[in-house]
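The values are calculated or read from the model by the stated rules, or taken from the named source; none is laboratory data. Everything quoted here is computed from the prediction, not taken from an experiment. Here the Cβ positions follow ideal geometry from the backbone for every residue, glycine too, while neighbour counts run over all protein chains shown.
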Amino acid sequence: MTEVEAIRARHSVRAYLPKPIEPKKAEKLEAFLETCNRESGLHLQLLRDAGGTFDRLLSKAMGLNSAPSVIACVGPDGADLEERIGYYGEKAVLYAQQLGLNTCWAGTFQARNVPAVIQSGERLVIVIAIGYGATQGKAHRSKTIEEVTNVQGEMPQWFRKGVELALLAPTAINQQKFRFCLDAEGKVTVLDQKGPFSKVDLGIVKCHFEIGRREV
């Protein structure tokens, strides 16, 4: 499965089977996260036992407490932390999909119960539920390319493809609060239109955009 295939196949899953991630797959995930951490300076961690991460009532109501494992998205606090978490966390999400696993970005969790290592100066931003889904999830309504772009001149194919895949990215409450702009010189900027976890969302959609752009 390629990254593009993973993007198209992957949907958020909130209910999981009572089946742990096999040790060999967990080791592959941990190695992938370590590569991301070296590249980004983050401290992403696979917690094989989710523990009490999803003990909050809302999490239980959503079914997230069935997730056997979790990726704790931790990193040195700073202005760009949330965006970097989104970008590299989504890389891990797509890699998990390629391994046959399901995931869900989760902003509702019991922070004090997350058994992650959080060093001095670091912050836990968000978590990703991971395991074998009871279903494969389903697609949600998406905005159109025209609704999230501002292009000077004709829209090139590489830009269209990037935005197409960005629109398949998971965003908080499916808000898709972003806009891709392309100026006459071919420079791309992405605007954050604010909302819950919108900076994390910005990193996620940039990850998808770059994958689409590379494909063309």
Being more than 30 Å from Gly41 (Cα to Cα) and of a type in the set (D, E, K, R) is the filter; apply it to region 108-150 and report the residue that is surrounded by the most Cβ atoms within 10 Å (Cβ to Cβ). Lys143
Unmet requirement for Arg84, which otherwise passes all of (1) surrounded by fewer than 19 Cβ atoms within 10 Å (Cβ to Cβ); (2) at pLDDT 95 or above: (1)
In region 115-124, what count of residues is obtained for those that are assigned to a loop (DSSP other than H, G, I, E, B) and out of contact with any Leu (no Cβ under 7 Å at 6 or more places or on another chain)? 4
Every listed condition ((1) loosely packed, with under 14 Cβ neighbours inside 10 Å; (2) not assigned by TED's automatic domain parsing to the domain that holds Glu210) holds for Gly153 save (2)
Among (1) farther than 19 Å from Arg141 by Cα; (2) in contact with a helix residue (DSSP H, G or I) (Cβ under 8 Å, 6 or more places away or on another chain), there is one condition Ala172 misses while meeting the rest; what is its number? (1)
Is it true that Thr103 is modelled with pLDDT under 95, β-branched (Val, Ile, Thr) and buried (at least 16 other Cβ atoms within 10 Å of the Cβ)? no
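Return yes when Gly41 is surrounded by fewer than 16 Cβ atoms within 10 Å (Cβ to Cβ), farther than 24 Å from His140 by Cα and among the small types (Gly, Ala, Ser) and no when it is not.
Numbers: surrounded by fewer than 16 Cβ atoms within 10 Å (Cβ to Cβ): yes; farther than 24 Å from His140 by Cα: yes; among the small types (Gly, Ala, Ser): yes.
Spelling it out, Gly41 is indeed surrounded by fewer than 16 Cβ atoms within 10 Å (Cβ to Cβ), farther than 24 Å from His140 by Cα and among the small types (Gly, Ala, Ser).
Collect the residues in region 131-165 that are hydrophobic (A, V, I, L, M, F, W, C) and either touching a Gly at 6+ places or on another chain (Cβ under 7 Å) or over 26 Å from Asp192 (Cβ atoms) (or both), keeping them in residue-number order.
Ala134, Leu165, listed by residue number.
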